[in-house]
Structure formats: C-alpha cells, structure tokens
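Comments concern the structure below.
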Amino acid sequence: MVTGPFPESSMTELCDLCRRDQLEAIYEPERSTRGLKVYLCRHCGLLQSLPRIDRAQRAPAAVSGGADWGNVRYGKGFRTAAALSLLRKHTDLSSDLALLDVGSNRGSFVRAFLEAAPTASIVAVEPDERVAESCGKLDRCELVQTRIEDAALETGRFDIVHSCHTIEHLAEPARVLADHWRVLKPGGLLVLDAPNSAILDADDIIEEWFIDKHLYHFSARTLMRTVVAAGFEIIAAPDIEDHANLLIVARKAYTAYRAKDMDHREVAEASRLVAHYGSTRARNLAALTFVSIEIAGMAPKRVAMWGAGRLFDTLVVHGSFTPTNLSLLIDTHLKAHVADRYGCKLAGPEALAEADPDVIVIMSRGFVDEIATEARRLAPRAEIVLYADLLARAHVRKAA
Ligand SMILES: [Zn+2]
C-alpha cells in the first residue's frame, strides 16, 4: 500500500509529544529572524520552538549570527561513523538490507553505508537539490528529492530507517516517526540521531543554541518517549557520556499510543536546564572581551584560528574580536559554503604549512581532539591554544 502525502495540518500550538495545550514561553533566542520563542510543555517537559513555520523558502547557503545561524548543516557529516558502528552491532551488514536514509544531505552516510553493506540498497530522501545531487548517481541508491513528509514511500519496505540530525527540524516529529514505523518491516530498526539538550549544561557555552532551524530540543528522556509513543521499543539508549548527540536504536514493535503521563521530573529538569543555560551564557559572553584581549596580546606572533562556526561568530559579536588580524582562519566544512567571515577569508587546513603560524587557536567544543591532532600534524611547530582554556583565563582576568 502506498499512502499519499500527509494532509496539511493547521498550525496548532499543542505539544507534539503529549498533544496538551500547556506550552509556556521560557526563552527568547538571540537574533531570531523568524521571531521564534522556546516553549516548555508543562505536562511532558518537551522543549519546542514556535511558531512552527517549516515550509519557508530555503535561503541560499549562508551564515549569520545568533538564532539565525545555520543554513549550513554543520555537524551531520561527523556522525556517520557512530551510526555505522551501532548498525554493525545490531544488524548483519552482509545481508540484503533495504535502508531509508532521511535527510541525506551531502551523502556522507549513504556512501559509507553502501561501502560497509555490499549488497544493501538505499532510498535517500533529501529535499535540497544542492546537496541531493551528491548521492543521485550512486549504484544501489535511489534518490527521492522531496521532504520526508511528502515522500509517500511503500508500507513495510525497509529493514532500517536512518535519520540523523533531521527530526529536530520537522514541524511534526511524532507524525514522521509514525510514518517511519509504517515503512519499516515488522521488527525493522530505527537509527535516530539528534542534538542533545544536555549540552545546555556546559560551563563554556557561548553560542545561541536555540537556532531557527531547530523546532524541537530533545533530551534523552523526551526523545525516547517520543520514539516509544510512535510504537518502537528502544534497544540502544543514548550514550549518557555524549552531551552533544542523542543516538538511539529502536525496533518496530508495538502499536503507537498517545503519550499521556505527566512527567514532573522532566518538566523541572528542562526548566532548570534552560535557566542554567541563560545565566551561564550571559556570564561567559561578559568575559569574551578578555578572550579577544588575550589573542590580540599574542602579537607579533602569527595566530591562526581553526573553527569559524558559532563559537567564532559569538566571539566576534560579543567579544569585539577582530578576525582580520589573524594570519589564517580555517574551517574545513564552512569553506565549502562561504568564502569569508567578517572580512576574513576562509582557508582549509592545507594552508597551515605555508602560513606557518606560531599559535593555532581551536574554536570548537565537540571536535577539539580531532582538530588538535590534525593541527599538530600539519603545523608541528605551532602552539595549540584551546577555546575552553581561553575562556577560563578570561573569567580569571575579569574577576581581577
Ligand atoms: Zn507535552
């Protein structure tokens, strides 16, 4: 049976998980171009942004500041290895698997999976033609260039549904998860990855985390409840050590039901988390000028910066940092989308050899170790300075 596209639903302001009318505005993101506010469901604790305008015309790839950050999907390509390693544990990749990849983006997972599973086939769903092209010509891969809500895939067709950093962008995650359930064979697997709201507890957070592209902000608990309510049994819960991502494996099991129970603990925890984030971030932003002063004070040494994403952006906007004094600004991923940031040209890591910097400042939280290793390899002479250490010293200076 093939079902048609979802009927257009009216824009309600009910919680997507528990369907209660108990959403309370608790946070206003910095520089949201869509006027989004973050709401807490007082019944189940799910954080969600309203209004849920998700059919807006996509703007060309660009980066700006605050909540508007991120037409460029930044971290997705880094998650392929984690998803594949879980799949290896829970399935036999040498069998004839049919996999649905939801939001294939630049095809990082598609290519890695086809290589790891030599007789498997993929249906890749990706609406963005600029990125969909990259997996359109692969063997054993059928590209469906549309939004997942409109894909109208065959019932019971797939052994696996893989969805990486996509669910938080959707207007109706519960409805889309129910559709993943429908297209899976009995006992089929859902591999789901999403940003983790636990990152809001980080002491060194400076960036606006509630960006305009994300309509839902899951914790391990709210994501698992959403998945279970769609009729899945969780077989691998998120790694509690990973505060950035929620990677879940679930099996198609039950009939979907409505999540009804009130979750006092989650409501209290989400409320605490957002308040903590607001105050920690404000304290860190107030110290950023001292980070800029320390970097400026490194002159006449040649300073390269690795990472031109949200941390860098926040340092320029809130710390009055002048990037044009850098000898090099590196960002492997952003470089593919934009030529410069605040008048400073973006370079790839290969430029390090010629630039021969004395210092490399790493502006990253999630990928510090990977970047530091690569930086040491490419510029063995350079001193490596981490953003977290700069921020810690800035607090000391500010207090002095
Ligand atoms: Zn709710």
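The values are calculated or read from the model by the stated rules, or taken from the named source; none is laboratory data. This structure is a prediction, so every number in the text was calculated from the model and none was measured. Cβ placement follows ideal geometry from the backbone for every residue including glycine, while neighbour counts extend to all protein chains displayed. Accessible surface is based on the protein model in full, side chains and every heavy atom, while ligands, DNA and RNA are left aside. Shrake-Rupley method; radii C 1.70, N 1.55, O 1.52, S 1.80 Å.
A few notes on this one:
- Just one residue in the set SER320, SER364 is modelled with pLDDT of 95 or more and polar (S, T, N, Q); that residue is SER320.
- Failed condition for SER95, given (1) assigned to a loop (DSSP other than H, G, I, E, B); (2) at pLDDT 90 or above; (3) within 16 Å of the ligand (Cβ to nearest atom): (3)
- Residues of segment 314-324 satisfying the condition of being surrounded by 15 or more Cβ atoms within 10 Å (Cβ to Cβ) and in a helix (DSSP H, G or I): THR314, LEU315, VAL316, VAL317, HIS318, GLY319, PRO323
- Taken together, LEU352, LEU311 contain a single residue that is open to solvent by less than 10 Å² (accessible area, probe 1.4 Å), in contact (Cβ under 8 Å) with a residue 40 or more places away in the chain and assigned to a helix (DSSP H, G or I), which is LEU352.
Results for (1) outside the structural domain of SER64 (by TED's automatic domain parsing); (2) small (Gly, Ala, Ser); (3) over 18 Å from ILE384 (Cα atoms), shown as yes or no for each residue.
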residue	(1), (2), (3)
SER292	yes, yes, no
ILE295	yes, no, no
MET305	yes, no, no
PHE312	yes, no, no
VAL317	yes, no, yes
PRO323	yes, no, no
SER327	yes, yes, no
THR332	yes, no, no
ALA336	yes, yes, yes
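- Applying the criterion of being at pLDDT below 90 and within 24 Å of VAL317 (Cβ to Cβ) to the residues of segment 6-46, the residue that is nearest to the ligand (Cβ to nearest atom) is ARG34.
- Residues in segment 47-89 that are assigned to a helix (DSSP H, G or I), at pLDDT 80 or above and open to solvent by 50 Å² or more (accessible area, probe 1.4 Å): ALA81, SER85, ARG88, LYS89.
- Condition met for PHE109 (modelled with pLDDT of 95 or more and farther than 30 Å from TYR277 by Cα): no
- The number of residues in segment 325-339 being surrounded by 15 or more Cβ atoms within 10 Å (Cβ to Cβ) and under 27 Å from the mean Cα position of the chain (by Cα) comes to 10.
- Test result for ALA286, not charged (D, E, K, R) and not in a helix (DSSP H, G or I): no
- Top-ranked residue in segment 277-304 [being within 30 Å of PRO380 (Cα to Cα) and free of Cβ contacts under 8 Å to residues at least 12 places away in the same chain; ranked as surrounded by the fewest Cβ atoms within 10 Å (Cβ to Cβ)]: PRO300
- Here the condition is being surrounded by 19 or more Cβ atoms within 10 Å (Cβ to Cβ), free of Cβ contacts under 8 Å to residues at least 60 places away in the same chain and not in a strand (DSSP E or B); of PRO380, PRO357, it holds for PRO357 alone.
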